[in-house]
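Taking it in order: structure first as structure tokens, then the write-up.
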Amino acid sequence: MEADKMDENEWKYHGEGNQSLVVAHCQSCVVLRFLKSPPNQNKTSEEILHHLQNIVDFGKHVMKQFFGENYFHHGEIIQLPLDFVRQLCLKIQPERPESRCDKDMDTLSGYAMCLPNLTRVQPYRLVEHRPILCVEIKPKCGFIPFSSHVSQEIKHKVCRYCMHQHLKVANGKWKRPSKYCPLDLFSGNKQRMHFALKSLLQEAQNNLKIFKNGELIYGCKDDQDCLSDWNELARQLKPFFFPSNGLVSGPHCTRTVVKELIHVITMALLSSTEACRAGDMKTVPVSQGRSYCEASAFNKELARNGKHKVESSGLPRGCLLYKTLQAQMLDTLDIEGLYPLYSRVEQYLEECPEERSTLQIDGPYNEAFYEKLLDLSTEDDGTVAFALTKVQQYRIAMTAKDCSIMIALSPCLQDECLEQRPVLLTSKSRFTFSVSVLDLDLKPYDSIPHQYKLDGKIVSYYLKNVQAKDDPVVPGLFKEHEDCTLVLHKV
């Protein structure tokens, strides 16, 4: 891509988050990511470059160690003509969601990150002129806190996501609570995973999006109420799953197509690329937390339908969900156990502010930063070094709890053997596919007090407004490592 021959008309708006905005090239498989800032708070070009360099270094030296290079793409920084950037900004402005326009795209520095477009199958080849389907999932936190610092027993029973849903609905962010529970998705049990994905499709919120040839066809562009139209989705997806078109139309057809979609997503999430070995990170064994959330609609459906048993499963070690969960579980203390350690570091910085850069709080994110994360000791010796290690591990865990997983699928013919690429089979189709992870910018050190306050709000709202009114949950519905058999008596 030659920076001096850039034409804004070859690029289109792709999406944005709180910190950055992304545009995609119409022909080639790349995106540009620009930083954003509030109006009249423009950073200097040096600050923008430093910020972007930190993002790249953190990806290269830290997150790549967790996820391996098959799943993670860190990108590179490029400098663009300012005239091109300004014209591009004007071109895409009408497409930006209103709620995101409180911040402006950086048009003054000319710096951006160039990354592969993960709505395409990776590694991208020119043969990909065929249609491509991409599902983006934000799985959120897949375990229940096992820390002894937790003050409210409910946090050992109901996951953060399920509790937070109620506060979000009360605050008007969403109209209805979702039935999705991350613990179902991370269970590795196909029945639970299917239920979780179906729940996401019913109430996508900002946790699920579907792209067809790079265009968003399902899910929210914004925090608005997006009604899930499964019939329209099935119409768009039918050629992928039933190419010969021999399927009846109507509600039966819709259910069948959605079922195939859920099946393919599950298979892709459980797939693992052997070549991809994460670094030498020895993390917490997944079995340490309980693997069921009492608020999960799956548990309630099971009891209601008179099902007696669900096989317990686990995630294959090489799959992306497993790696994501391992990184999330670096949060060994929960925010309640972490906050006093954050305060210890803060107190030290007040006394010795010049130490902030020595402690690498704002980078550089290099090998030395990664090495310090490997210390998983839990004995608090009262030092600032111990407190800082736990704070940095917590920031990594928070980053992994907020990442997105991209599953790109492209139909391939029976006799095609595309460079030994992995293939997924459904009843009538075959797909080559790739699974990638993105949104892995390190969570800010300064956001920890906000996390602590938010945690308190979520729990107290849930205890006061939900648990008090809720049906009593069947006591000990699932005990870990026991045969999960429900005995149902006739009433």
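The values are calculated or read from the model by the stated rules, or taken from the named source; none is laboratory data. Every value quoted in this text rests on a predicted model; they were computed, and no experiment measured them. Ideal geometry is used to build each Cβ from the backbone, glycine not excepted, and the neighbour counts take in all protein chains shown. Each accessible area value is taken on the protein alone, full model and side chains, heavy atoms only, with ligands, DNA and RNA left out. Shrake-Rupley method; radii C 1.70, N 1.55, O 1.52, S 1.80 Å.
Before moving on, here are some points about what is shown:
- When residues of region 139-161 are limited to those that are farther than 20 Å from A196 by Cβ and of a type in the set (D, E, K, R), the one surrounded by the fewest Cβ atoms within 10 Å (Cβ to Cβ): E153
- The condition of being among the small types (G, A, S), more than 17 Å from E10 (Cα to Cα) and open to solvent by 20 Å² or more (accessible area, probe 1.4 Å) holds for S99.
- Taking the criterion of being part of a helix (DSSP H, G or I) and open to solvent by 30 Å² or more (accessible area, probe 1.4 Å), the residues of region 58-88 that qualify are K60, H61, K64, Q65, L82, D83, R86, Q87.
- Residue match in region 169-178 (condition: in a helix (DSSP H, G or I), open to solvent by 20 Å² or more (accessible area, probe 1.4 Å) and closer than 24 Å to S460 by Cβ): yes
- I407 vs. criteria under 30 Å from L49 (Cβ atoms) and either surrounded by 14 or more Cβ atoms within 10 Å (Cβ to Cβ) or among the polar types (S, T, N, Q) (or both): no
- Boolean, R344 is touching a residue at least 40 places away in the same chain (Cβ under 8 Å), surrounded by fewer than 20 Cβ atoms within 10 Å (Cβ to Cβ) and in a loop (DSSP other than H, G, I, E, B): no
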